[in-house]
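Structure first, then comments.
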Amino acid sequence: MTGFDPFAAALNNMTAAKTPSAGAEQRPLTRAQADLKQAVELLEQMNTVSDGVKRNYLRRVKDFPALVMQVGLAQAVAFSVDKAGKNDDRGGAHRLLLNHLYAVWRPETQGQPVQLDDGKGREHVLKFLQDLSTAEYRHLTRRTLAAWVYFRRLSESVLDPDGTLGEERE
């Protein structure tokens, strides 16, 4: 489908640097711009997953911030780690959610997935949270919620632009 893509246009407008003049430095992206760019890139990589996984991911991505606010980041992640061990659409959605979380936490991984199919990979995500100091944990919680705004807002537009997946409760 060729046509105007409003999300690509918005991303380009936010991240495009103006042509610098002869000795001017290029300004780095703000944290919000970097979060938006990362969310779009990671969500667009999901175009190969099944509709069932997308449907479950849409539900999880909407519910995750409320879960974090109710029980805390570590418990919310532990819940997803437990569900990620299943070999169904719901487990696939939780694995994607955990990989997106890890990409927010560790930008140097550049969105490379953590191997969550085995217990060792899931343990790695939990160990990462356990090794944080209290201040780092609080910062990571705020950082996760701030970045998750873009995943939540853009997930439906990128994954289900036609509205064919619908909102189904399990």
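Overview of values
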quantity	calculated
Gyration tensor verdict on segment 126-167 (Cα atoms; rounded if a/c is under 1.5, prolate if a/b is larger than b/c, oblate otherwise)	prolate
List MET46, MET69, ordered by accessible area with a 1.4 Å probe, largest first	MET69, MET46
Exceeding the 21 Å Cα-Cα cut-off - candidates LYS37/LYS127; LYS62/LYS127; LYS54/LYS83; LYS37/LYS62	LYS37/LYS127; LYS62/LYS127
Probe 1.4 Å, accessible area per residue of segment 46-105, Å²	39
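The values are calculated or read from the model by the stated rules, or taken from the named source; none is laboratory data. Note that the structure is a prediction, hence the values are computed from the model and not measured. For the accessible areas, the whole protein counts, side chains as well, though only heavy atoms, and no ligand, DNA or RNA atoms are used. Shrake-Rupley method; radii C 1.70, N 1.55, O 1.52, S 1.80 Å.
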